[in-house]
Amino acid sequence: PCLTRLCSPLAERTGKVLGEFCRCYREQYGVALFGSVRYEIEGNGGPQAQLLHRKIPLEDHVIYSGNLFQYIEENKKWRNRFCVVPHNYGLILYENKLAYERDLPPRVLVNSAGYKILTSVDQYLELVNSSLPGVTPKSGHSPILKCPTDFPLILWHPYARHYYFCVMTGKEQEKWRAVFQDCVRHCNNGISEDSKVEAPAFTDAVRMYRQSKEQYGTWDMLCGNETQVLSNLVMEELLPELRTTIGPRLKGKAPERQRTWIQISDAVYRMVYEQTKAQYDAVMAKCEQERPQMESTIRTDMDQIITSKEHLASKIRAFVLPKAEICVRNHVQPYISSILEALMTPTSQGFAEVREVFFKEVTDMNMNIVNEGGAEKLVEYMEKLSHLAFHPVKMQSCYEKMDQLKLEGLQQRFDVSSTSVFKQRAQIHMRQQMDDAVYTFETLLHQELGKLQGKDDLCKSIQRILERVLKKYDYDSSTVRKKFFREALLQITIPFLLKKLAPTCKGELAKFQELIFEDFASFILVENTYEEVVLQSVMKDIMQAVKEAAVQRKHNLYRDSMVLHNSDPNLHLLGEGVPVEWGEEQSGQPAAEPPADRRRRAKQVVSVIQDDEGALPYEAGAEVLLQPSSPEPDPGAPPSSPDGVGAIRAALAKETLGDGGEAEERLTNADVPSGAGMQHATPASPKPRADVPSEAKVPHATRASPAPGAESPSPSTGTACLQPSDKETGEEVALPGGEHSPPQPMGTTESGEGVQTEF
C-alpha cells in the first residue's frame, strides 16, 4: 500500500531526472554527430589489424543448456528448471526439458546486465544486510535464504529482483558460474560500438549528468543497453530517498523486511524502466528527425565550425592549462607508471593465455588428424574450433587472469569505485582477439583445402597457417592492449583532474560561451572543449609511459613504429567472402532448412555435466517439486571429455591408440562429444576491415607450448562427470521458433531492451 501511494511522486521524480538527462543527451548528440562526420571526412585510422574480423556473427547455437534448481520466492520452494543460454546470452528457464522441446513458453527470461554472480550464501547475506541499513537478522534467526546444497549460484542486482539457483556438485557449480559470468559480461556490454553517434552521445550524456551531481570517477552500473543504464541512473537517485521513506515502515522480522524491501526495489525498478524506455525512445526519435538538417549544416560549414572550435579551445587552454599542468605534475604524473604496471601484468597474462589456448586447440586438432584419418575428421573439428572464443569454460583460464588486477591505494586516491570496469573491458577484448584468430585460421585453412594432397600435406599446412596466425595475433594483441592501457589510464586520471580543477575552473567556463557562433552552438559545447583541454594536459605523459613500455618490450608489446609488411595482399579479400559453414560441409545439407530440423541439428558449446532431473538432498519435511526423472546415467558409460587440455594430455599419455571407433573420445578441440557442436555470440565490438599487411618484419615470439607432434594422442578418459543418459548430450537446441517463440528481452540484440520477465 505504501508503494501505491508513492507511485505518483516516484513517476514525477523519475520524469525530472529523465528530463535533465534528455537535455544533456540532445546537447551531446550534436557534438557526437559533428565528430562522426569530421572523422568520416578527415579519417584518422590507427594501425591496421592483421587478423580478419568475423562480419557475420555465428548464430543458431546455444552456449549451454541443462538442469539446475531454482528457488521460487512466491511459494518458498525449490523447483527443478531446464535452463537454456542462447547465442545472445540471455537466461531462459523452462519448466523442464520437455517443455523446451515442445516449444512451450518459458517460465522466466533473465537479462543478466548489472548482476553479480555469487557462489556463497554468506556473500549474498552480506550484500542484503548492507542494502537496508539497520535491518540485520539476530543471531539464531533464520536468514533470508537457505540453500539445500553446498553449491549455490545467486544472481544479485542492486535494484532488480534476485535469482537463486543451486546444483549438486562443485564441478557443475564451476561450469554454470563460468556460463553465467559470460552472460553478465556480454549483456553488460550492451551499448553497440557500431553506433558512431548515438553511443558516444549517450555515454557522454551519462558522464556529464553525473558530474553535474558532483559524481566523478568510474561507475559500476554503466551496464546493459541504454534503457537499462538510464534506469540505473534514475535508481541511483531514487533509492536513498525510497529507503528513507519506506524502510522504517516495513513490518515483521528482519528476514521478512529484507525480502519485502527486495520486492519493493524490483517493483520500482520495473516502473522506472517502463517510464525510462518511453521517454528515451521519444528523445531518440526527435534527434533522429533533426539529424538530416544538422548533418547538412555540418557538411556545409565544416571549416567554419572547426575554426570556431579551435578559437574557443585556444582561449580555454590559455585559462585552464597552467592550472591543469600543475595538478598533473603534483598529483598524477608520479603515479602513472604504477597504474600502468598494475594494468599491464594481468592483462598481458590474459592475452598470453588466449594465445596459449588457441595454440593448444589447433595443435591437438592437428595431432588428432594425424591419428584419425586426415580430412574426414577436419570438418568436425573445425566446427568446434570456430566457437572457441564463445566457450565460457575454455576461455575462463584467460578471463580469470584479470582477477589479479589490484590498484590498492591508487584506487582510493583516484576515486575508482572498483576495478570491474577494467576487468570486463579487457575480457571482452580477449574474446574478440580469440575469435579474430580463429576466424583468420579457418578462413586461410579453407582456402588451402582444395590444393592439399593427403594427410601429411594437411597437417603441414595446418602448422604453417597456425604459425602465420600467431604472428598476426602477437601484433594485434600488442595494438589492442596499448589502446586499452591508454584508455584505462585516461578513465582513471581524467575524472580525478576534473574534480580537482572544478573549484577554480568550472565556475569561470560560462564566460567562454559568447565565443561560439549561435549557428554552431549545437556542435560546440564549452564543457566538452574544457574536458578536451584537460585531457591534453595529461595525454602526453600517458602516451610516453605506454611508449616506454613498448620500447622495453615489456609484456611482449611492440613499438608503434613496428609495421608488418604486406605479403598478404589478398587476405582481406578472403574476409569479404562468404563465411565458412563447417557444419553444412559436414552434413552436405543446404543452408535453408525447416526450423524444426535446424533446431534438432543445433549444438551447444559447453557439454552437459549432469542433465538428469533428480531430487535435492533437502531436510526432512521440506516440500520439493520433482519433475519426472530421466533415466540415471550408466555408471559404465565413458566420461565426457574434460575441459582442460592439460588434463586431456595427462590422460592421453596413459592410453594407447585405439581404432577409429574411439575417435569421439579423442577430441580435444571442445569438451563436447562428436555429436555436439559449438555455439557463438555476436562479437562485442566489430571494427571495419582494412588491407592486411603481412608479418614479414615481426620477430616470431617464443612459444610456451610444445611443438606440434610432441605428444602422441590417444583415447581421452578425462575426469569429467558421467554423460547424461539417452541421447541428450549435444542435442540441446537454439531458441524455439514458431508462434510460441518467446520475446527476447535479454542480451544485446536489437530487440533486447526488456528487463527480466516472469510468466
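The values are calculated or read from the model by the stated rules, or taken from the named source; none is laboratory data. All values derive from a computational prediction rather than experimental measurement. Neighbour counts run over all protein chains shown; Cβ positions are idealised from the backbone, glycine included. These accessible areas exclude ligands, DNA and RNA; they are computed on the full protein's heavy atoms, side chains included. Shrake-Rupley method; radii C 1.70, N 1.55, O 1.52, S 1.80 Å.
Collect the residues in the range 508-538 that are among the small types (Gly, Ala, Ser) and touching a Gly at 6+ places or on another chain (Cβ under 9 Å), keeping them in residue-number order.
Hits for the range 508-538 are ALA521, SER522.
Which of the residues that make up the range 413-463 are out of contact with any Asp or Glu (no Cβ under 8 Å at 6 or more places or on another chain) and acidic (Asp, Glu)?
Result: ASP415, ASP435, GLU442, GLU448, ASP456, ASP457.
Residue-wise test of (1) at pLDDT 95 or above; (2) among the hydrophobic types (A, V, I, L, M, F, W, C); (3) assigned by the TED database to the domain that holds VAL31; (4) not in a helix (DSSP H, G or I).
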position: VAL206; (1), (2), (3), (4): yes, yes, yes, no
position: TYR209; (1), (2), (3), (4): yes, no, yes, no
position: GLU214; (1), (2), (3), (4): no, no, yes, yes
position: ASP220; (1), (2), (3), (4): no, no, yes, yes
position: THR227; (1), (2), (3), (4): yes, no, yes, no
position: SER231; (1), (2), (3), (4): yes, no, yes, no
position: GLU241; (1), (2), (3), (4): no, no, yes, no
position: ILE246; (1), (2), (3), (4): no, yes, yes, no
position: GLY252; (1), (2), (3), (4): no, no, yes, yes
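Checking the conditions here, which among ASN111, ASN80, ASN67 is of a type in the set (S, T, N, Q) and either closer than 25 Å to GLN228 by Cα or open to solvent by 30 Å² or more (accessible area, probe 1.4 Å) (or both)?
Matching residue, one of ASN111, ASN80, ASN67: ASN111.
Only one residue in THR245, THR276 is within 30 Å of VAL37 (Cβ to Cβ) and among the hydroxyl-bearing types (Ser, Thr, Tyr), so which one is that?
Going through THR245, THR276 in turn, just one is within 30 Å of VAL37 (Cβ to Cβ) and among the hydroxyl-bearing types (Ser, Thr, Tyr): THR276.
Name the single residue, out of those in the range 20-34 being surrounded by fewer than 18 Cβ atoms within 10 Å (Cβ to Cβ) and in contact (Cβ under 8 Å) with a residue 24 or more places away in the chain, that is farthest from LEU444 (Cα to Cα).
Among them, the one singled out is GLU20.
Is one or more of the residues making up the range 492-510 over 29 Å from SER420 (Cα atoms) and among the charged types (D, E, K, R)?
Checking the range 492-510: at least one residue is over 29 Å from SER420 (Cα atoms) and among the charged types (D, E, K, R).
Those residues that are over 24 Å from LEU321 (Cα atoms) and open to solvent by 50 Å² or more (accessible area, probe 1.4 Å), I need them from the range 531-554; list them, please.
The answer is GLU548, VAL551, GLN552, ARG553, LYS554.
Here are ILE298, ILE336, ILE316: which of them is touching an Asp or Glu at 6+ places or on another chain (Cβ under 8 Å), touching a residue at least 40 places away in the same chain (Cβ under 8 Å) and buried (at least 18 other Cβ atoms within 10 Å of the Cβ)?
Just a single option satisfies the conditions, and that option is ILE336.
If you check LEU444, LEU490, LEU497, LEU458, which single one turns out to be touching a Leu at 6+ places or on another chain (Cβ under 8 Å) and under 30 Å from SER338 (Cα atoms)?
LEU490
In this structure, is VAL362 in a helix (DSSP H, G or I) and closer than 30 Å to HIS61 by Cα?
When the stated conditions are applied, VAL362 passes them.
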